[in-house]
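Student: Got a structure here, written out as structure tokens. Questions coming.
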Amino acid sequence: MNDLQDQHQNRINIAIDGPAGAGKSTVARHVARELGYIYIDTGAMYRAVALHMRRLGIKPEEADRAQHEMNNVVIELQPGIDGQRVFLNHEDVTDLIRTAEVSQLASSFAQLEGVRSELVRIQRLLSAKKGIVMDGRDIGTSVLPQAEMKWFLTASVEERARRRHAEWQGQENVTLEQLMHDISARDKQDETRAISPLKQAADANLLDTTHLNVDQIVQLMVEQARLRMDGEQ
Ligand code: DC
């Protein structure tokens with residue numbers, strides 16, 4: 001079956017959740033391309049918010065100020081030649097949001113109700129027409145609880161840090177040990193926050209990607225999605 005035919009099937013929404021570095025965004029992007037679907041990287045949205053707040057000197061402890069400032073944040077995701085590009089108030093911030101500092105800040109601002117509710121509202125709007133592959137922390141549990149297909153990806157902390165390190169080679173001077181420490185701290189903050197913590201949805205398929213490559217995961221997900229679209233699952 002080719003991409004063109006896929007467009008004639010019943011389109012579904014696919015939710016992919018999991019901790020940092022589990023392979024979600026790479027896999028989600030490929031699955032979306034195979035199915036002719038739209039990929040939405042919700043982590044990039046939290047990162048863009050974190051960058052915006054940092055520029056204004058707003059701290060995660062200042063919940064009211066942050067909530068108010070959400071009125072002045074416009075985030076757009078656009079497909080680009082080398083992956084998705086992220087725009088913050090029409091400025092391309094794709095590279096600026098991929099730093100260790102913004103990663104940590106994104107996790108902190110993501111604890112705030114005023115930030116989450118606005119981003120979740122946008123994420124639901126974007127998914128209304130189906131044909132979406134969305135990755136994040138709370139997609140299967142909170143943003144799209146009705147998604148027709150849900151995955152929860154995990155991998156060991158060592159493997160996740162190794163992947164981030166390879167991704168960031170040459171961009172940031174950060175050691176593997178530092179990344180392992182940062183990722184563990186972020187996991188803890190994302191898993192223990194009060195609102196929509198990182199958690200596997202009861203009806204999500206659990207996949208440990210430590211020993212799997214991207215192609216294997218994408219193939220599995222695309223196969224399962226096509227079965228679901230054909231009504232065979
Ligand atoms: O996926 P990522 O590493 O780009 O996400 C950055 C942070 O944003 C992550 O540590 C927690 C937060 N986040 C969230 O709370 N909910 C989401 N759906 C996506 C990301």
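The values are calculated or read from the model by the stated rules, or taken from the named source; none is laboratory data. Owing to the predicted nature of the structure, the values given are computational and were not obtained by experimental measurement. Here the Cβ positions follow ideal geometry from the backbone for every residue, glycine too, while neighbour counts run over all protein chains shown. When the accessible area is computed, the model is the full protein with side chains, heavy atoms only, and any ligands, DNA or RNA have been set aside. Shrake-Rupley method; radii C 1.70, N 1.55, O 1.52, S 1.80 Å.
Student: Within the set of pairs 6 or more residues apart or between chains, which connect a residue that is at positive phi inside the range 21-42 to a residue that is away from the ligand (no atom under 11 Å from the Cβ) and among the polar types (S, T, N, Q) with Cβ atoms less than 8 Å apart?
Tutor: Cβ pairs passing all conditions: Gly23/Thr209; Gly36/Gln7.
Student: Continuing with this model, one more query. Given (1) open to solvent by 10 Å² or more (accessible area, probe 1.4 Å); (2) at pLDDT 95 or above; (3) more than 8 Å from the ligand (Cβ to nearest atom), identify the lone condition not met by Gly140.
Tutor: (1)
Student: Inspect all residues belonging to the range 17-34 and state whether any of them is assigned to a strand (DSSP E or B) and buried (at least 20 other Cβ atoms within 10 Å of the Cβ).
Tutor: Of the residues in the range 17-34, the ones assigned to a strand (DSSP E or B) are 17.
Imposing the further condition that a residue be buried (at least 20 other Cβ atoms within 10 Å of the Cβ) reduces the set to 17.
Yes, because at least one residue in the range 17-34 is assigned to a strand (DSSP E or B) and buried (at least 20 other Cβ atoms within 10 Å of the Cβ).
Student: Name every residue in the range 110-120 that is over 15 Å from the mean Cα position of the chain (by Cα), within 13 Å of the ligand (Cβ to nearest atom) and part of a helix (DSSP H, G or I), in order of residue number. It would help to see each step written out before you state the result.
Tutor: So the first thing to find is which residues in the range 110-120 are over 15 Å from the mean Cα position of the chain (by Cα), and the list is 111-115, 117-118.
So of that shortlist, the ones also within 13 Å of the ligand (Cβ to nearest atom) come out as 111-113, 115, 117-118.
Once the filter is applied, which keeps residues that are over 15 Å from the mean Cα position of the chain (by Cα), within 13 Å of the ligand (Cβ to nearest atom) and part of a helix (DSSP H, G or I), the range 110-120 yields Glu113, Val115, Ser117, Glu118.
Student: Would you mind finding the one in Ala194, Ala202, Ala155 that is at pLDDT 95 or above and either touching a helix residue (DSSP H, G or I) at 6+ places or on another chain (Cβ under 7 Å) or crowded, with 21+ Cβ neighbours inside 10 Å (or both)?
Tutor: Values: Ala194 fails: either touching a helix residue (DSSP H, G or I) at 6+ places or on another chain (Cβ under 7 Å) or crowded, with 21+ Cβ neighbours inside 10 Å (or both); Ala202 fails: either touching a helix residue (DSSP H, G or I) at 6+ places or on another chain (Cβ under 7 Å) or crowded, with 21+ Cβ neighbours inside 10 Å (or both).
Ala155 is the lone residue from the list that is at pLDDT 95 or above and either touching a helix residue (DSSP H, G or I) at 6+ places or on another chain (Cβ under 7 Å) or crowded, with 21+ Cβ neighbours inside 10 Å (or both).
Student: Could you go through the range 1-13 and let me know if any residue there is at pLDDT 95 or above, under 29 Å from Arg193 (Cβ atoms) and assigned to a loop (DSSP other than H, G, I, E, B).
Tutor: yes
Student: So, one more: Search the range 126-137 for residues being open to solvent by 10 Å² or more (accessible area, probe 1.4 Å) and under 16 Å from the mean Cα position of the chain (by Cα), and hand back the single one that is nearest to the ligand (Cβ to nearest atom). Talk me through it step by step, then tell me what you get.
Tutor: First, the residues of the range 126-137 that are open to solvent by 10 Å² or more (accessible area, probe 1.4 Å): 126, 128-130, 137.
Remaining after also requiring under 16 Å from the mean Cα position of the chain (by Cα): 126, 137.
Numbers: Leu126: 13, Arg137: 4 Å.
Residue satisfying both the conditions and the ranking: Arg137.
Student: Give all pairs with beta carbons closer than 6 Å in which a residue from the range 92-106 that is in a loop (DSSP other than H, G, I, E, B) meets a residue that is more than 13 Å from the ligand (Cβ to nearest atom); count only pairs at least 6 apart in sequence or on separate chains.
Tutor: Note: pairs meeting the criteria are Thr94/Arg85.
Student: Could you list all residues from the range 158-178 that are part of a helix (DSSP H, G or I) and either in contact (Cβ under 8 Å) with a residue 40 or more places away in the chain or exposed (fewer than 15 other Cβ atoms within 10 Å of the Cβ) (or both)? Break it down into steps so the answer makes sense when it comes.
Tutor: The initial filter retains those residues of the range 158-178 that are part of a helix (DSSP H, G or I), namely 158-168, 176-178.
Residues satisfying the conditions are Glu158, Glu159, Arg160, Ala161, Arg163, Arg164, Ala166, Glu167, Trp168, Leu176, Glu177, Gln178.
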